[in-house]
Amino acid sequence: RQTQHGADTHVEDPLAHLAVTVDAQRAVAESCHRLAHEHADGRWVALGGGGYAVVDVVPRSWTHLVAIAAGRPVEATTPVPEEWRQEVYRRTRMDAPRRMTDGREPDWQDFHEAGYDPADRLDQAILATRRAVFPHHGLLP
(Lines give C-alpha, C1' and ligand atoms only; values in the text may rest on other atoms or scores of the structure.)
Protein backbone atom coordinates (compact mmCIF):
# COMPACT_ATOMS: atom_id res chain seq x y z
CA ARG A 1 0.00 0.00 0.00
CA GLN A 2 1.08 3.54 -0.67
CA THR A 3 -0.36 6.61 1.01
CA GLN A 4 0.34 10.32 0.74
CA HIS A 5 0.28 12.40 3.90
CA GLY A 6 0.49 16.02 2.84
CA ALA A 7 0.36 18.49 5.68
CA ASP A 8 -1.57 20.95 3.51
CA THR A 9 -4.84 19.45 4.78
CA HIS A 10 -4.30 21.31 8.06
CA VAL A 11 -6.70 24.03 9.20
CA GLU A 12 -3.90 26.63 9.09
CA ASP A 13 -3.03 25.95 5.44
CA PRO A 14 -3.90 29.06 3.42
CA LEU A 15 -4.91 27.21 0.24
CA ALA A 16 -6.74 23.97 0.98
CA HIS A 17 -9.27 25.06 3.65
CA LEU A 18 -9.86 21.46 4.75
CA ALA A 19 -9.86 22.23 8.49
CA VAL A 20 -7.93 19.11 9.53
CA THR A 21 -5.84 19.09 12.73
CA VAL A 22 -2.47 17.48 13.48
CA ASP A 23 -4.45 15.10 15.68
CA ALA A 24 -6.62 14.04 12.74
CA GLN A 25 -3.54 13.66 10.52
CA ARG A 26 -2.05 11.39 13.22
CA ALA A 27 -5.26 9.35 13.37
CA VAL A 28 -5.24 8.90 9.59
CA ALA A 29 -1.63 7.69 9.69
CA GLU A 30 -2.55 5.22 12.44
CA SER A 31 -5.45 3.94 10.34
CA CYS A 32 -3.27 3.57 7.24
CA HIS A 33 -0.66 1.69 9.27
CA ARG A 34 -3.32 -0.65 10.65
CA LEU A 35 -4.80 -1.22 7.18
CA ALA A 36 -1.35 -1.99 5.75
CA HIS A 37 -0.95 -4.72 8.34
CA GLU A 38 -4.47 -6.06 7.80
CA HIS A 39 -4.40 -6.09 3.99
CA ALA A 40 -0.79 -5.86 2.75
CA ASP A 41 1.25 -7.94 5.20
CA GLY A 42 2.55 -4.72 6.75
CA ARG A 43 3.95 -3.37 3.45
CA TRP A 44 3.41 0.36 3.45
CA VAL A 45 5.02 3.23 1.61
CA ALA A 46 4.01 6.42 3.43
CA LEU A 47 4.92 9.63 1.63
CA GLY A 48 4.95 13.14 3.04
CA GLY A 49 4.27 16.19 0.93
CA GLY A 50 2.68 19.58 0.91
CA GLY A 51 2.14 21.99 3.72
CA TYR A 52 2.77 25.67 4.15
CA ALA A 53 2.75 25.84 7.94
CA VAL A 54 6.40 24.81 8.19
CA VAL A 55 6.75 25.82 11.84
CA ASP A 56 3.40 24.86 13.36
CA VAL A 57 2.30 21.84 11.35
CA VAL A 58 4.72 20.07 9.01
CA PRO A 59 7.32 18.97 11.60
CA ARG A 60 4.69 17.60 13.97
CA SER A 61 2.63 15.90 11.28
CA TRP A 62 5.61 14.18 9.69
CA THR A 63 7.09 13.24 13.07
CA HIS A 64 3.86 11.45 13.89
CA LEU A 65 3.87 9.73 10.47
CA VAL A 66 7.47 8.50 10.74
CA ALA A 67 7.00 7.39 14.35
CA ILE A 68 3.85 5.43 13.47
CA ALA A 69 5.54 3.81 10.46
CA ALA A 70 8.47 2.84 12.70
CA GLY A 71 6.11 1.28 15.23
CA ARG A 72 7.00 3.88 17.87
CA PRO A 73 4.06 6.32 17.91
CA VAL A 74 4.47 9.59 19.78
CA GLU A 75 1.76 10.51 22.27
CA ALA A 76 -0.12 13.63 21.24
CA THR A 77 0.57 15.30 24.58
CA THR A 78 4.35 14.86 24.24
CA PRO A 79 6.19 18.17 24.58
CA VAL A 80 8.04 19.40 21.50
CA PRO A 81 11.75 19.25 22.41
CA GLU A 82 12.99 22.58 23.75
CA GLU A 83 16.11 22.36 21.56
CA TRP A 84 13.88 22.26 18.48
CA ARG A 85 11.77 25.16 19.70
CA GLN A 86 14.92 27.24 20.25
CA GLU A 87 16.29 26.36 16.80
CA VAL A 88 12.98 27.28 15.18
CA TYR A 89 12.96 30.62 16.94
CA ARG A 90 16.60 31.28 16.03
CA ARG A 91 15.91 30.64 12.35
CA THR A 92 12.44 32.12 11.96
CA ARG A 93 11.74 34.38 14.96
CA MET A 94 8.52 32.37 15.33
CA ASP A 95 7.49 30.35 18.37
CA ALA A 96 7.14 26.64 17.67
CA PRO A 97 4.24 24.69 19.19
CA ARG A 98 4.78 23.39 22.71
CA ARG A 99 3.13 19.98 22.24
CA MET A 100 2.69 17.40 19.50
CA THR A 101 -1.06 18.07 19.43
CA ASP A 102 -3.45 20.79 18.36
CA GLY A 103 -5.50 19.77 21.39
CA ARG A 104 -8.50 18.64 19.36
CA GLU A 105 -9.10 14.92 19.06
CA PRO A 106 -10.68 14.05 15.72
CA ASP A 107 -14.41 13.53 15.65
CA TRP A 108 -14.83 10.60 13.27
CA GLN A 109 -18.18 10.59 11.55
CA ASP A 110 -19.37 8.67 8.56
CA PHE A 111 -19.79 11.10 5.69
CA HIS A 112 -23.42 10.16 5.14
CA GLU A 113 -24.34 9.90 8.83
CA ALA A 114 -23.04 13.40 9.56
CA GLY A 115 -25.04 14.78 6.67
CA TYR A 116 -23.77 16.43 3.52
CA ASP A 117 -23.74 20.21 3.52
CA PRO A 118 -23.37 21.44 -0.08
CA ALA A 119 -22.07 24.80 1.18
CA ASP A 120 -19.30 23.20 3.29
CA ARG A 121 -15.96 23.24 1.44
CA LEU A 122 -14.79 20.13 3.26
CA ASP A 123 -17.90 18.21 2.23
CA GLN A 124 -17.42 19.42 -1.35
CA ALA A 125 -13.80 18.22 -1.36
CA ILE A 126 -14.72 14.82 0.08
CA LEU A 127 -17.49 14.27 -2.45
CA ALA A 128 -15.31 15.41 -5.38
CA THR A 129 -12.53 13.06 -4.27
CA ARG A 130 -14.90 10.15 -3.92
CA ARG A 131 -16.34 10.76 -7.39
CA ALA A 132 -12.87 11.05 -8.93
CA VAL A 133 -11.09 8.19 -7.14
CA PHE A 134 -13.55 5.55 -5.98
CA PRO A 135 -14.61 4.31 -9.45
CA HIS A 136 -10.96 3.51 -10.27
CA HIS A 137 -10.95 1.09 -7.33
CA GLY A 138 -14.31 -0.50 -8.06
CA LEU A 139 -16.03 1.46 -5.31
CA LEU A 140 -19.22 3.44 -5.53
CA PRO A 141 -18.74 7.24 -5.28
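Right, ARG121: modelled with pLDDT of 95 or more and either more than 15 Å from THR3 (Cβ to Cβ) or of a type in the set (Gly, Ala, Ser) (or both) or not? Even if it seems obvious, please write down each step before you answer.
Numbers: modelled with pLDDT of 95 or more: no; either more than 15 Å from THR3 (Cβ to Cβ) or of a type in the set (Gly, Ala, Ser) (or both): yes.
Answer is no for this residue.
If you check VAL88, VAL80, VAL58, which single one turns out to be out of contact with any strand residue (DSSP E or B) (no Cβ under 7 Å at 6 or more places or on another chain), within 18 Å of HIS10 (Cβ to Cβ) and at pLDDT 95 or above?
After applying the criteria, what remains is VAL88.
Considering only residues that are modelled with pLDDT under 95 and open to solvent by less than 20 Å² (accessible area, probe 1.4 Å), which ones fall in segment 62-75?
none
For the list (1) of a type in the set (A, V, I, L, M); (2) more than 25 Å from ARG1 (Cβ to Cβ); (3) part of a helix (DSSP H, G or I), I need the number of the one condition that ALA53 fails.
(3)
Can you tell me how many residues in segment 91-100 are touching a strand residue (DSSP E or B) at 6+ places or on another chain (Cβ under 7 Å) and outside any loop (DSSP other than H, G, I, E, B)?
First pass over segment 91-100, keeping only residues touching a strand residue (DSSP E or B) at 6+ places or on another chain (Cβ under 7 Å): 98-99.
After this cut, where a residue has to be outside any loop (DSSP other than H, G, I, E, B) as well, the list is 99.
Of the residues in that region, 1 qualify.
Looking only at segment 29-61, which residues are under 27 Å from ASP123 (Cβ atoms) and crowded, with 18+ Cβ neighbours inside 10 Å?
ALA29, CYS32, HIS33, ALA46, GLY51, ALA53, ASP56, VAL57, VAL58, ARG60, SER61
Report, by residue number, each residue of segment 5-34 that is in contact with a Lys or Arg (Cβ under 7 Å, 6 or more places away or on another chain), assigned to a helix (DSSP H, G or I) and farther than 11 Å from LEU65 by Cβ.
If the condition is that a residue be in contact with a Lys or Arg (Cβ under 7 Å, 6 or more places away or on another chain), assigned to a helix (DSSP H, G or I) and farther than 11 Å from LEU65 by Cβ, then ASP23 is the only one that fits.
Considering segment 63-88 alone, what residues qualify as being in a helix (DSSP H, G or I) and closer than 20 Å to ASP102 by Cβ?
Restricting attention to segment 63-88, the residues satisfying the condition of being in a helix (DSSP H, G or I) are 63-69, 82-88.
Within segment 63-88, THR63, HIS64, LEU65, VAL66, ALA67, ILE68, GLU82, TRP84, ARG85, VAL88 qualify.
The values are calculated or read from the model by the stated rules, or taken from the named source; none is laboratory data. This structure is a prediction, so every number in the text was calculated from the model and none was measured. Methodologically, a virtual Cβ is constructed for each residue, glycine included, from the backbone with ideal geometry; neighbour enumeration extends over all protein chains shown. Accessible surface areas use protein heavy atoms only, side chains included; no ligands, DNA or RNA. Shrake-Rupley method; radii C 1.70, N 1.55, O 1.52, S 1.80 Å.
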